[in-house]
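The values are calculated or read from the model by the stated rules, or taken from the named source; none is laboratory data. From a predicted model like this one, the values you see are computed outputs, not experimental measurements. A quick note on method: Cβ atoms are made from the backbone with ideal geometry, for glycine too, and the neighbour counts reach across all protein chains shown.
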Amino acid sequence: MAIEDILMFDETLFLNINAFNPDYMPDNFNFRDSQMEGMAMCIRPAIQGGRPTNSVIMGSCATGKTTAIKKVFELVENISDKVVCCYINCQLHTTRFGIFSQIHKKLFGHQPPETGVPFSRVYEKVMKYLGEENKALVVAFDDVNYLFQSQNANKVFYDILRAYEEFEGVRTGIFAILSDLEFRYALDKNVNTVFIPQDITFQPYTYSEIFDILSDRAKAGFFPSVISDEIVEEIANHTIEVGDLRVGIDLLRVCGNIAEANASRTIELEHVEEAIAKQGSVNLMETINSLNDIERTLLKAVADSDEILTAGELSKQFKEEANVSYATFNRTLEKLEFLRLIDTKFTGKGVRGNSREIILRFAPEDIKGCNL
């Protein structure tokens, strides 16, 4: 099929292609009722005029934590105007000002100016509003380990949980969402005494649960009869091997695109096989091509190393090669981790007890083969 035919072809297999987006909120969200009930029980005191119960929400990647918390927050705000629920992605927001800018936006519909306004003024405005309007605040910090890595966790937790000491009647709570199960957070004593969280655990999905989730997503995204149960089973098998539900959902989309390009009215096994072969290499190539020169230099340094480097070792090497500051190195490292090109693992073996190992998520030869 010619390129013009692909672009102009007016028939589609997709009923709603957005159903395969990472931020899609499914109507049917199954297998997490007990965890959502636990979250609701933590928020319930706030609805009744008390303080919410703090919680640590634990589970590996792609186990439904983010969707569950957003669903619960939506339900809470639908039944009560006395609880404000604010979701914060800690991969994107790690500073005190950045986090309270998001809370400000939730309360007032806009962010405060980035310059010219001190943090204390934004903080005071937020807390005074909560007290005057008799509203409780529940903040969910997704991937909270990033907040600890930026060394802002204690300050932010203190700002939120001890606000009642300065602003009478203010009721606040924190949901700390943790995807890195090996990460061990440590809070200062004056924060620990008020945090005291309830643990809510998300276990990995079973094969049957993955199959049901992918089937529901396929029904939401494709027209009837486009994909059979047998094909969904193949995709579920691959998903369980990879260990990431997001891979399976994206694979549905890629299969649909390949079937459309081949003018097929149904998704066949050959489309799945082609999609699996393409998915990893295409995504990796696109991600690496999006990097700037400094980011590519750092990634190449990790890929070229025969041993697992620590952040300290990599920092020294990188600053010599690229002539950049530690702040630039740290931001670049966080960007590569956000793009899931690398992982960082705290070892506790450094001089200050917070050394990080840098772990490449792909084979070095695959990284180097992407025009790096």
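When you look at residue 246, is it touching a Phe, Trp or Tyr at 6+ places or on another chain (Cβ under 6 Å) and either under 25 Å from residue 23 (Cβ atoms) or aromatic (Phe, Trp, Tyr) (or both), yes or no?
Spelling it out, it is not the case that residue 246 is touching a Phe, Trp or Tyr at 6+ places or on another chain (Cβ under 6 Å) and either under 25 Å from residue 23 (Cβ atoms) or aromatic (Phe, Trp, Tyr) (or both).
Any residue that is β-branched (Val, Ile, Thr) and within 30 Å of residue 86 (Cβ to Cβ) - is there at least one of those in the range 225-245?
So far as the range 225-245 goes, no, none of its residues is β-branched (Val, Ile, Thr) and within 30 Å of residue 86 (Cβ to Cβ).
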*asked:* Scan the range 65-74 and tell me whether some residue there is outside the structural domain of residue 344 (by TED's automatic domain parsing), assigned to a loop (DSSP other than H, G, I, E, B) and among the hydroxyl-bearing types (Ser, Thr, Tyr).
replied: no
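Could you tell me which residue of the range 253-270 is surrounded by the fewest Cβ atoms within 10 Å (Cβ to Cβ), considering only residues that are assigned to a helix (DSSP H, G or I) and in contact (Cβ under 8 Å) with a residue 24 or more places away in the chain?
Initial filter on the range 253-270 (assigned to a helix (DSSP H, G or I)): 253-261, 269-270.
Then keep just the ones that are in contact (Cβ under 8 Å) with a residue 24 or more places away in the chain; that gives 253-256, 259-261, 269.
On the way: 253: 20, 254: 20, 255: 30, 256: 24, 259: 24, 260: 20, 261: 14, 269: 12.
Across the range 253-270, the extreme among qualifying residues is 269.
Among the charged types (D, E, K, R) and out of contact with any helix residue (DSSP H, G or I) (no Cβ under 8 Å at 6 or more places or on another chain): which single residue out of 293, 304 fits that description?
Numbers: 304 fails: out of contact with any helix residue (DSSP H, G or I) (no Cβ under 8 Å at 6 or more places or on another chain).
Criteria check complete, one pass: 293.
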Checklist entry - Is it the case that the range 232-239 has a residue that's among the hydroxyl-bearing types (Ser, Thr, Tyr) and either crowded, with 22+ Cβ neighbours inside 10 Å or modelled with pLDDT under 95 (or both)? => result yes
Checked the range 220-252 for anything over 25 Å from the mean Cα position of the chain (by Cα), part of a helix (DSSP H, G or I) and of a type outside the set (A, V, I, L, M, F, W, C); matches are 229, 230, 233, 234
Exactly one of 287, 310, 297, 344 is out of contact with any strand residue (DSSP E or B) (no Cβ under 8 Å at 6 or more places or on another chain), among the hydroxyl-bearing types (Ser, Thr, Tyr) and closer than 22 Å to residue 146 by Cβ, and that one is 287
Inspect the range 140-149 for any residue being within 20 Å of residue 38 (Cβ to Cβ) and either out of contact with any strand residue (DSSP E or B) (no Cβ under 7 Å at 6 or more places or on another chain) or among the aliphatic types (A, V, I, L, M) (or both) and give the result as yes or no.
yes
Picked from the range 150-171 (must be under 18 Å from residue 57 (Cβ atoms) and touching a residue at least 60 places away in the same chain (Cβ under 8 Å)), the residue surrounded by the fewest Cβ atoms within 10 Å (Cβ to Cβ) is 161
query = Out of all the residues in the range 85-108, is one or more modelled with pLDDT of 95 or more, at negative phi, surrounded by 19 or more Cβ atoms within 10 Å (Cβ to Cβ) and more than 22 Å from the chain's Cα centre (by Cα)?
reply = no
For the structure I just gave you, tell me whether residue 272 is farther than 21 Å from residue 204 by Cβ and either at pLDDT below 90 or among the polar types (S, T, N, Q) (or both).
no
(1) in the same structural domain as residue 247 (by TED's automatic domain parsing); (2) over 30 Å from residue 231 (Cβ atoms) all hold for residue 278 apart from (2)
With the first residue restricted to the range 291-306 and required to be part of a helix (DSSP H, G or I), and the second required to be basic (Lys, Arg) and surrounded by fewer than 16 Cβ atoms within 10 Å (Cβ to Cβ), Cβ contacts under 9 Å at 6 or more apart or on different chains are 300/368; 303/368; 304/368
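Residues are listed down the side, and each one gets a yes or a no for (1) loosely packed, with under 14 Cβ neighbours inside 10 Å; (2) modelled with pLDDT of 85 or more; (3) in contact with a Phe, Trp or Tyr (Cβ under 6 Å, 6 or more places away or on another chain):
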residue: 306; (1), (2), (3): yes, yes, no
residue: 325; (1), (2), (3): yes, no, no
residue: 332; (1), (2), (3): no, yes, no
residue: 335; (1), (2), (3): no, no, no
residue: 344; (1), (2), (3): no, no, no
residue: 352; (1), (2), (3): yes, no, no
residue: 364; (1), (2), (3): no, yes, no
The number of residues in the range 292-319 that are in contact with a Gly (Cβ under 9 Å, 6 or more places away or on another chain) and within 11 Å of residue 342 (Cβ to Cβ) is 1
Residue set 43, 57; condition at pLDDT 95 or above and in a helix (DSSP H, G or I); output residue 43
